[in-house]
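The values are calculated or read from the model by the stated rules, or taken from the named source; none is laboratory data. Just so it is clear, the model here is predicted, and its values are computed rather than measured. Here the Cβ positions follow ideal geometry from the backbone for every residue, glycine too, while neighbour counts run over all protein chains shown. Note: areas computed on protein heavy atoms with side chains; ligands, DNA, RNA excluded. Shrake-Rupley method; radii C 1.70, N 1.55, O 1.52, S 1.80 Å.
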Amino acid sequence: MLTTVHHHQRVLLLHRSPHFILSPKPLHSFTPKCLFSSSIASKPLTQPPTTNLPTSQILSIHHSLLTRQLTAVEIAESYLTRLRIAEPKLRSFLHIADEESILRQAEEVDRKIERNEEVGLLGGVLVGVKDNICTSDMPSTAGSKILDGYRPPFDATAVKKVKELGGIIVGKTNLDEFGMGSTTEGSAFQVTANPWDESCVPGGSSGGSAAAVSARQCVVSLGSDTGGSVRQPASFCGVVGLKPTYGRVSRYGLVAYASSLDAIGCFGTSVADAGILLQAISGHDRFDSTSSMREVPEFISKFTASNILESRPLQGLRVGIIRETLEDGVDANVVSSICEAASHLEDLGCSVTEVSLPSFSLGLPAYYVLASSESSSNLSRYDGVRYGNQVTADELTNLYGESRARGFGPEVKRRILMGTYALSAGYYDAYYKRAQQVRTVVRKSFKAALDENDILISPAAPSAAYKIGEKKNDPLAMYAGDIMTVNVNLAGLPALVLPCGFSEAGPANLPVGLQMIGAAFDEEKLLRIGHVFEQTLKGHSFVPPIVPAGFGS
């Protein structure tokens with residue numbers, strides 16, 4: 001099952017709901033709940049002083065465009081200025097789109113509005129794309145030297161859907177090579193810094209996508225999540241990260257790492273923005289046989305402003321807090337933040353109980369056996385002949401060996417070796433087969449827990465962001481940091497991470513993320529609960545100090 005770099009004649013079916021294609025004309029006489037009705041400040045990135053609508057940069061931009069208070073060009077120029085200022089410090093992007101191209105696309109949005117034509121909800125919204133997701137007009141390197149300069153002949157389905165709704169791809173974000181890592185230090189090109197503390201990692205492997213949204217270099221971004229690569233960097237960077245159910249979003253055009261675990265996910269500064277982006281990219285795709293044919297719900301209808309919520313808006317919901325995620329090895333500040341988040345959910349009307357998942361600790365070794373085994377197979381295509389940069393050699397076997405030796409980084413080589421070993425004769429049953437059996441146990445334990453609870457909660461990571469270089473030479477310590485997230489991928493479930501507090505360790509307060517886990521294809525419930533939690537959480541501002549006052553808050 002290959003989801004990358006195969007170019008076919010494609011017919012892309014896009015489900016266009018009425019909520020996503022809005023004409024500017026009706027706004028003069030009718031303003032739906034999901035659009036702002038009050039005056040917007042001159043700065044496009046400041047939340048308008050409205051009291052009856054949810055926090056959302058996408059909805060704010062959309063409303064300001066359709067009411068002609070701002071132009072798409074003005075919005076694009078504002079974000080591009082912000083990107084240019086922050087990029088030398090953060091290095092979130094491996095490739096930034098040509099400025100003229102971005103402004104031309106913004107001008108086209110403005111012309112549509114002038115002609116009273118339909119404008120997609122992502123019209124004029126600048127979107128970052130992780131560099132392992134194919135884009136036809138920009139390089140797609142997967143953070144690896146072996147694909148340096150590679151330009152796909154097609155867009156990934158998710159990218160194509162974003163463009164069809166008017167989104168503007170601002171650039172390709174940095175990542176650990178082929179998505180294998182938890183810090184973005186594994187990129188073959190550069191190391192990305194955390195917007196909250198430039199001496200810390202942003203998480204990984206989607207660290208560039210998380211950092212770009214956190215620093216307001218773009219409005220939203222796409223990442224990929226194989227074992228936590230959307231959720232852990234969302235926690236480290238203080239943004240919202242959404243990993244959908246396996247099959248909810250097409251993987252066509254995603255550079256394959258572990259095909260049974262990979263998922264394209266979303267980053268935003270609010271739950272509403274992450275949910276709107278997910279709805280834009282979801283749906284069945286005939287170019288990915290694993291994509292689900294289930295109807296995509298109207299996620300946007302779940303987002304309500306805090307002032308019109310009931311006093312206990314989550315009354316009757318059952319929340320299970322996973323006991324094993326708050327035990328030894330988890331930072332005390334993280335445990336404290338998660339317990340405060342649980343108390344906040346109780347204040348909102350939820351009943352919170354402790355849930356034990358005895359198989360939880362088994363997920364980490366099973367994940368690394370399965371992911372490494374699948375990567376060993378998937379990455380065999382990069383041989384210097386069909387894909388990737390080629391090394392000159394006298395013999396074919398030397399060409400293969402030298403091309404891969406020079407093209408792959410140390411972590412990728414390590415996982416290919418581990419995976420090849422696990423699949424080899426004599427060891428298959430002991431490693432790969434047993435890991436698949438553990439995966440079944442993990443799925444069953446999650447199902448039993450979710451039969452008794454609406455959602456499960458846990459930290460997104462055992463600690464807040466740590467220093468660049470702190471774990472680079474200790475792969476086992478880095479792998480252990482994935483304990484909170486890998487089980488969700490093994491079970492194929494959706495999960496939402498949103499900031500819930502801060503860790504006070506060190507000179508800088510660093511954000512802590514709360515992970516909410518739902519039943520398969522129940523992103524709707526996750527988004528509703530997450531949105532209410534976010535809208536009612538008091539006393540915290542999750543805007544990093546690198547962002548100027550009022551910009552995108």
Rounded to 0.05, the calculated FRET efficiency for the beta carbons of Tyr428 and Glu298 at R₀ = 60 Å is 0.85
Distance in nm between Ile308 and Glu395 label points, each 7 Å along Cα→Cβ, equals 7.4
Of all DSSP beta bridges having both residues in the chain, the percent classed as antiparallel (nearest 5) is 65
The FRET efficiency for Gln315 and Glu107, from their Cβ-Cβ distance with R0 = 35 Å and rounded to 0.05, is 0.15
Taking protein heavy atoms only, a 1.4 Å probe, and rounding to whole percent, the accessible area of the chain owed to carbon and sulfur comes out at 52
Per its Cα gyration tensor (rounded if a/c is under 1.5, else prolate when a/b beats b/c, else oblate), the stretch 265-421 is best filed as prolate
Taking a probe of 1.4 Å and leaving out DNA, RNA and ligands, the chain shows per residue an accessible area in Å² of 37
Non-local residues with an amide H under 5 Å from the amide H of Leu357, with H modelled 1.01 Å from N and Pro and chain starts lacking one, are Arg323, Glu324
Scoring the stretch 49-128 by relative contact order with C-alpha pairs under 8 Å, at least six apart, yields a percentage of 45
Checked the stretch 163-246 with the C-alpha gyration tensor, a ≥ b ≥ c its square-rooted eigenvalues, rounded below a/c of 1.5, otherwise prolate if a/b is larger than b/c and oblate if not; verdict rounded
Env charge @ Thr71, Cβ radius under 13 Å, K,R +1 / D,E -1, value -3
Taking alpha-carbon centroids only, the stretch 442-493 lies from the stretch 528-542 a number of Å equal to 22
By the mean-Cβ-within-10 Å protection proxy, highest first, 120-132, 459-471, 84-96 rank as 120-132, 459-471, 84-96
Computed ³J(HN,Hα) along the stretch 467-478: with the Karplus parameters 6.51/-1.76/1.60, θ = phi - 60°, integer Hz and x for glycine or proline, the list is 5, 4, x, 5, 10, 4, 9, 10, x, 5, 5, 5
To the nearest 0.05, the calculated FRET efficiency linking Glu100 and Ser361 through their beta-carbon distance, R0 being 60 Å, is 0.70
Given backbone amide H placed at 1.01 Å from N, residues whose amide H is under 5 Å from that of Val512, ignoring those fewer than 5 places away on the same chain, are Cys500, Gly501, Phe502, Ser503
Cα-Cα longer than 28 Å, checked against Lys161/Lys302; Lys413/Lys433; Lys172/Lys471; Lys161/Lys413, kept in input order, equals Lys161/Lys413
Note on the stretch 221-279: contact order normalised by length, alpha-carbon pairs under 8 Å, 6 or more apart, percent, works out to 42
The relative contact order of the chain, taking Cα pairs under 8 Å that sit 6 or more residues apart, comes to a percentage of 17
Label model pair Glu354, Lys413: point-to-point distance (7 angstrom along the Cα→beta-carbon line) in nm is 4.6
Amide H contacts under 5 Å for Cys200, restricted to residues at least 5 apart in sequence or on another chain and with H modeled in the peptide plane, are Asn194, Ile468
Hits for the chain under the membrane-span-like helix rule (DSSP H, Cα axial span at least 18 Å, Kyte-Doolittle mean at least -0.5) are 72-90, 332-347, 363-378, 410-423
Scoring only Lys, Arg, Asp and Glu (+1, +1, -1, -1) among other residues with Cβ under 11 Å from the Cβ of Val159 yields +2
